[in-house]
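First comes the structure, then the notes that go with it.
The values are calculated or read from the model by the stated rules, or taken from the named source; none is laboratory data. Not measured: the values here are computed from a predicted model. Ideal geometry is used to build each Cβ from the backbone, glycine not excepted, and the neighbour counts take in all protein chains shown. We work out accessible area using only protein heavy atoms, side chains counted, and drop any ligands, DNA or RNA first. Shrake-Rupley method; radii C 1.70, N 1.55, O 1.52, S 1.80 Å.
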Amino acid sequence: MMTKRFFCFLLSMMAATLLTAREYRLWYNRPAMTWTQALPVGNGVIGGMVFGTPAVEHIQLNEETIWAGQPNNVVNPKAKAALPRVRQLIFEGKYKEAQELANAEVMPVSAGKNMGMPYQPFGDLYIAMPGHADYTGYERFLDLDNARTVVRYSVDGVRYEREVITPLGSHEVIAIRLTATEKGKITFTANMTSPHENVLIGSEQLKVKSEEWATATLLGVSGKHEGLKGKVRFMGRMAVQTKGGRVSSSNGNISVVGADEAVVYLTIGTNVRSYKDITGDEAQQSRDRLQRAMALGYDALKALHEKTYHHYYDRVSLDLGDDLYAHVPMDKRIEQFSQLNPQPSQPDNHLVATYFQFGRYLLISSSQPDNINPANLQGIWNDKMFPSWDSKYTTNINLEMNYWPSEVTNLTELNEPLFKLIREIYEQGQQTARDMYGAEGWVLHHNTDQWRITGPVDHAQTGLWPTGSAWLCRHLWEHYLYTRDTAFLRQHYPIMLDAARFYTQTLQKHPTLGYLVVCPGESPEHGGKGRPSPLDAGVTMDNQIVTELYSNVLAAAKVLGDNDPLLATISTQLTQLPPMKVGRWGQLQEWLDDVDDPKDDHRHFSHLYGLYPSYLISPFRTPDLWKAARTSLEARGDVSTGWSMGWKVCSWARLLDGEHAYKLIKDQLTLTADTFLIFGTVKQRGGTYPNLFDAHPPFQIDGNFGCTAGIAEMLMQSHDGCIYLLPALPSVWRDGSVKGLVARGGFEVDIDWHDGRLTRAVVRSRHGGKCLIRSLTALKGKGLKRTKQQGVYELSTKKDADCVLTAR
């Protein structure tokens, strides 16, 4: 009998262990005290931050199109006349004078123009539950496997639960279901508030099918900023469906008494149709959204939500071992992870896998294919009227970093809002190219916003950087490389060609070196040692970006069979761009002049753009430059802002150094204190907040996305002519598997490993044909042939067929 009981107990423990190993969630045993402890939900249109306080639930809310200002563009009318003199001063080495002139006559702010508009919050939802301040048995979690947040606790012997979803599947609503283990125990009052001025609170009746429902409304308009009046009108609309109990509404409050169960629905509508059209009807949009959601009902909404979410999320899995610390709250896990782990023999590898899937969750939740806007500097989550850097789109790395994981982690459709932005700034950027540079083609500088401004913003020392357009074009070409979608390439090829057209007309011949260079330009967002200004000519990053653009345009033209006369000019100019150089202390030079400071630990290391995200630098094609890039990255140091560390994970993976890449993951997963504003005792540092948001500080979502992409790069790379299996596997990930990563050429890749050595890989081809496989482990498999290169194999594939490779 004892044997049977023990056997049953053992089976139950094994089942629990298996279940735990499959769960990816952020679990806590107390409510959120701060915004960076709250848990994010979103569907690309609506974003919510759930605090989980029993007595008064607080959900901070955003809608993707609520931005300050109105349609506009920013160009200084004096810029075109002043630029030749700015260039001359730079070539003469008078950098400070060039900066002063640019600030006075080139930058739009000196002409009274704005510096871009901030993304702004809608407001907050509060659900007050009387008598719930004294509770026990509390837990809350973000369920990454099903895209929901859950809060559970007990009051007077009754177990309460709140489940929050922001349904995917074209239902722009946030829904909160409240349940209890006893009937008649759901009593609360819900209301909306907003930080915007002069909002109007009201109540209306809403007909859903044949029933009338009381709704609360909140009407407002976005803020004025830097002289530009806000003209985004928005309306929040809330209703409650219950089982049992009584519902009443007045003065913007909805009260429920004695219900068995209740669902709170909240929608937000705005008048924004596009970046240049704000003629929509916010009241009707909010009404339509709420009616559609309530007509479907919570269970159907949730089923559609989970089906849509799993369509994306389930494509990739990462298993780095069992969840050994599932009982430890997430903030404590982050805190102990960076401290060499509480038990070095049992590292919290599951936390890294969770962080990887959290990055994918954030992209799914903030960038759906039919969104008006792509994910901004904070995704879609922002609680401030004037957030840091306006929470807009910084295009000298941050916007691009948001989408680094999109292709490799099998979320390619989520690029569409980014591609839409590119198509729109292409329109705006043509005017800026004409008015500011007197050139054809189009240009984007280092920032844009919902209104798709393309002129330079801020000050010359950060904003006079005209290669944002070229960087964004690499996303168009990369999408083709991953998908082989020639229809997509044909649609977007004119954008790439016109981006190159701009540089063919604006590159300047260096007076002493003879190269064609971008001038003015800069290595974001700092200058060389001894230089009084970042403004310069022919900085390495600009050279790399233009080189890559020209190369990609020529390759795209070959794919499409295009013979545009401009291609000959591009081909000629490509040979006249400055090459990358190795400097006096073995570093990759950041500037044409050898002025790199070995003690420079700036967060930007832009001259390594050619290492990652680009692949101009390779251990196999350019080994000397590759070694120099390593020297530069070592000198830059490890600990920095959160997003910079995410970039460094990617870069160390490209340097094939898994141990150093993992060290950067530990640095990034260092807990950043978020209560210093309240208690005034702890200074923030770059790392990770208790809710796994990346800390610059403050919160910037690009760090999350950058590290997710970096983890994928550690496991599989496909940029250098081969699919490289486990190129940068750290020793701490002794056993594991990853499934569903995507390689360029249209291949899905699964990899299993044991004792740090590949045991099995599956390559699924979407198009058929041959590919090259690189592996440190000798391989065998059907259709696999050795090549003359050490560790490189040729694999013949068939469309939609699996090719199984195993260790020899």
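Whole number in Å², please: accessible area per residue of the chain, 1.4 Å probe, ligands, DNA and RNA not counted. Per residue, the chain has an accessible area of 36 Å². With contacts taken as Cα pairs under 8 Å at a separation of at least 6 residues, the range 205-316 carries a relative contact order of 21 percent. Where only DSSP H runs of four or more residues are counted, the chain gives -10000 deg cm²/dmol as its mean residue ellipticity at 222 nm, each run worth -39500 (n - 2.57).
Estimated from the Cβ-Cβ distance and a Förster radius of 56 angstrom, the FRET efficiency linking D277 and D299 is about 0.95. Of the trypsin sites (Lys or Arg not before Pro) found in the range 766-806, those in coil by DSSP whose Cβ has at most 14 other Cβ atoms within 10 Å are K782, K788, K798, K799. For the pair K599 and S737 in one chain, pulling the backbone fully straight at 0.36 nm per residue adds 45.8 nm over the alpha carbon distance. Ellipsoid semi-axes for the range 564-649, based on the Cα gyration tensor and the rule √(5λ), read 27, 15, 13 Å when sorted largest first.
When the chymotrypsin sites (Phe, Trp or Tyr not before Pro) in the range 88-134 are filtered for DSSP coil states and for at most 14 other beta-carbon atoms within 10 Å of their beta-carbon, no site remains. Based on alpha-carbon atoms, the Kirkwood radius and the radius of gyration of the range 404-460 give Rg/Rh equal to 1.09. Extension gain for D145-D260 works out to 38.6 nm (0.36 nm per residue, less the C-alpha to C-alpha distance). Report the Rg/Rh value for the range 541-580, based on alpha-carbon coordinates and the Kirkwood definition of Rh. Rg/Rh for the range 541-580 comes to 1.00.
Taking a straight Cα-Cα cut-off under 18 Å and skipping sequence neighbours fewer than 8 places away in the same chain, the aspartates and glutamates within cross-link reach of K307 are E23, D143, D145, E163, E172, D299, D370, E413. List the relative contact order of the range 478-593 as a percent without decimals, with contacts defined as Cα pairs under 8 Å and 6+ residues apart. Worked out over the range 478-593, it gives 26 percent. A viscosity of 0.890 mPa s and a temperature of 25 °C, combined with the Kirkwood radius over C-alpha pairs in the Stokes-Einstein formula, give the range 77-146 a diffusion coefficient of 138 µm²/s. Within the shell defined by Cβ-Cβ distances under 14 Å, the residues around V151 carry a net charge of +3, with Lys and Arg each +1 and Asp and Glu each -1.
Calculated on the alpha-carbon coordinates, the convex hull of the range 386-543 measures out at 135 cubic angstrom per residue. Within the accessible surface of the chain, defined with a 1.4 Å probe on protein heavy atoms only, the carbon and sulfur portion equals 51 percent.
When the residues E197, E522 are ordered by accessible surface, computed with a 1.4 Å probe over the protein chains alone, the sequence from largest down reads E197, E522. Near T506, once Lys and Arg are set to +1 and Asp and Glu to -1 for all other residues with Cβ below 14 Å from its Cβ, the sum equals +1.
Pairs of alpha carbons in the range 624-729 separated by more than 19 Å make up 45% of all such pairs.
This model, with +1 at the C-beta of Lys and Arg and -1 at the C-beta of Asp and Glu, gives the chain a dipole about its Cα centre of some 1460 debye.
Counting Lys and Arg as +1 and Asp and Glu as -1 over every other residue whose Cβ lies under 14 Å from the Cβ of T806, the net charge comes to +2. Counting every pair of alpha carbons in the chain, the share spaced more than 41 Å apart comes to 35 percent. If the chain linking T486 and A801 were pulled fully straight, counting 0.36 nm for each residue of separation and taking away their Cα-Cα distance, it would gain 111.2 nm. Relative to the longest principal axis of the Cα atoms of the chain, helix 298-313 runs at roughly 30 degrees. Short-range pairs are left out: with C-alpha atoms under 8 Å and at least six residues apart, the relative contact order of the chain is 11 percent. Rounded to the nearest 20, the size of the Cβ-charge dipole of the range 178-312 about its Cα centre is 220 debye, with Lys and Arg at +1 and Asp and Glu at -1. Each label was represented as a point 7 Å from its Cα along the Cα-to-Cβ direction; for E226 and Q576 these points are 3.5 nm apart. Coordinate range of the alpha-carbon atoms in the range 340-414 per principal axis, descending: 47, 30, 23 Å. Of the GluC sites (Glu not before Pro) found in the range 54-137, those that fall in a DSSP loop while having at most 15 other beta-carbon atoms within 10 Å are E92. Computed log10 I(q)/I(0) for the range 228-322 at 0.16, 0.19, 0.23 Å⁻¹: -0.87, -0.99, -1.15, from the Debye equation with unit scatterers placed on every C-alpha and solvent omitted.
FRET efficiency for the pair Q346 and D435, taken as 1/(1 + (r/R0)^6) with r the Cβ-Cβ distance and R0 = 41 Å, rounds to 0.10.
Name all residues of the range 200-223 having a backbone nitrogen under 17 Å from the label point set 7 Å from the Cα of S250 along its Cα→Cβ direction, giving them as ranges. Hits in the range 200-223 for S250 at 17 Å: 201-205, 214-217. Quick note on the range 32-129: its Rg to Rh ratio, both from C-alpha atoms and Rh being the Kirkwood radius, is 1.31.
Three semi-axes describe the equivalent ellipsoid of the range 682-802; taken as square roots of 5 times the Cα gyration tensor eigenvalues and ordered largest first, they are 33, 16, 12 Å.
Across all Cα atoms of the range 506-562, the radius of gyration (one decimal) and Dmax (whole number) stand at 14.4, 48 Å.
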